[in-house]
1. No solvent, one uniform scatterer per C-alpha: report log10 I(q)/I(0) for the stretch 292-343 via the Debye equation at q = 0.29 1/Å, two decimals.
2. If I take every Cα pair under 8 Å that is 6 or more residues apart in the chain, average their sequence separation and divide by the length, what percent do I get for the relative contact order?
3. Where the centroid of each part is defined by its Cα atoms, how far is the stretch 78-101 from the stretch 266-311 in Å?
4. Among 333, 234, 260, whose Cα projects farthest towards the positive end of the dipole of the stretch 212-343, with charges put on the beta-carbon of Lys, Arg (+1) and Asp, Glu (-1)?
5. For all pairs of alpha-carbon atoms in the stretch 260-320, what percent lies in each bin of width 10 Å, listed from the first bin to the last filled one?
6. Taking 45 Å as R0, compute the FRET efficiency from the Cβ-Cβ separation of residue 191 and residue 374 and round it to 0.05.
7. If all Cα-Cα distances of the stretch 84-190 are sorted into 10 Å bins from 0 onward, what percent lands in each bin, rounded to whole numbers?
8. Based on the alpha-carbon set only, what is the convex hull volume of the chain divided per residue, in Å³?
Amino acid sequence: MRLALVIAVVLGTVAISVADGQQAPAASRPAAERQASGVTVPPLPVPAIPEGSAGIAARYPGDVGIEKDPDVVFVESFEGSVDDICGHWEAAAGKPIMSKSDDVAPGSGGKQSLLLTRVAGDTGGYLDGGNLYHRLKNEKGVYGYDQLFLRFYTKFNKEHAPIHHFGSGLVGFNPPTPWPQGGAGERPRGDGRWSTQVEPGNFDSWNFYSYWQQMGGSPPRGQTWGNTFEIGVPPRPVVKDRWICLEVMVKMNDIGDSNGEQAYWLDGKLSRNPDGKITSYLGKGFPSVGTWTFDKFQPYVTGPGVCWDYRQGKGAPIEGGKPFPGFAWRSTPGCNINAVWLYRYMSRPETGTSKVWWDHLVVAKKYIGPLSPVNP
């Protein structure tokens, strides 16, 4: 089986001008100039979306039987041998650093989790840190959905080294290959691929890391690395030695529109700024105001912004205080949500011992929420 741990999965292009923020015919501009910072949409309030125990998991204490729910698409309980677990996925790398653990998330109805351990001088060259990938078939027997939620539990040991990238999200490849794809630093086409994930980095804050056809460029040459959307808000610290429930939602856009959405929850809660305004749920027109600084969106900031101007080869001022433009994830229906990718990419040799646990992964068509504890 072909395996590819390629980290910044990057995405395509759309028709937006950069320097002046005005729309222009696609044929008149290089594709690399089509950035979300040039899209103007009307402001909207953040739509209502569930939080806490208002999801599918509330009906299945300990997640026991959740795989039978009609809205559930894929479940990984991380029970059984390492070979059994990896056998549920189409691509799995790093098996020598995987082991069973009896440390499970609070409220779990299971007996074990999957532990991935990197030890200095003894990781057998598996610097990727572990990799699981699986395509998602819909009711018609073909790959892909227009909206999905991914929830799983993770835990990091106290001495865990900084993580280069942490695949904790949903992806779309056209065609949907049985292995993950990548292309670090490249803006992908809207008919080829997109990806988004939420990652801990150096553990000071969780952040989105998204690639799509309107992603912004960054200095010094306009490269398109994963874009983030919660700049200038309080950090969301990554607590070590404690189980964390992370949930991610992606909604595809209609073709020709930027009405795609994404969100994430930590322990069942959306992230908010000090004024209580939601920052981890973004779509067309919401947050209702914000400013771009190259490839980073600052929600609820009204000052002037800057984008990468490919004609001039440098930053150019743009109007700030505009609504978030939404996500034009794709330009063709086939580039939908068709795979889940869970990985930990460590780009440097280990200096100590880094451990990560994974447990209770569920992919569903509706909000899932944290574990409902098993009845005593």
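The values are calculated or read from the model by the stated rules, or taken from the named source; none is laboratory data. Keep in mind that this is a model prediction, so the values were computed, not measured. Note: ideal-geometry Cβ built from the backbone for every residue, glycine included; neighbour counts use all protein chains shown. Note: accessible area is taken over every heavy atom of the protein model, side chains too, but ligands, DNA and RNA are not part of it. Shrake-Rupley method; radii C 1.70, N 1.55, O 1.52, S 1.80 Å.
1. One equal scatterer on each Cα of the stretch 292-343 leads to -1.08.
2. 30 percent
3. 37 Å
4. Selected residue: 234.
5. 21, 43, 27, 9, 1
6. It comes out at approximately 0.50.
7. 10, 37, 35, 16, 2
8. So the per-residue hull volume is 133 Å³.
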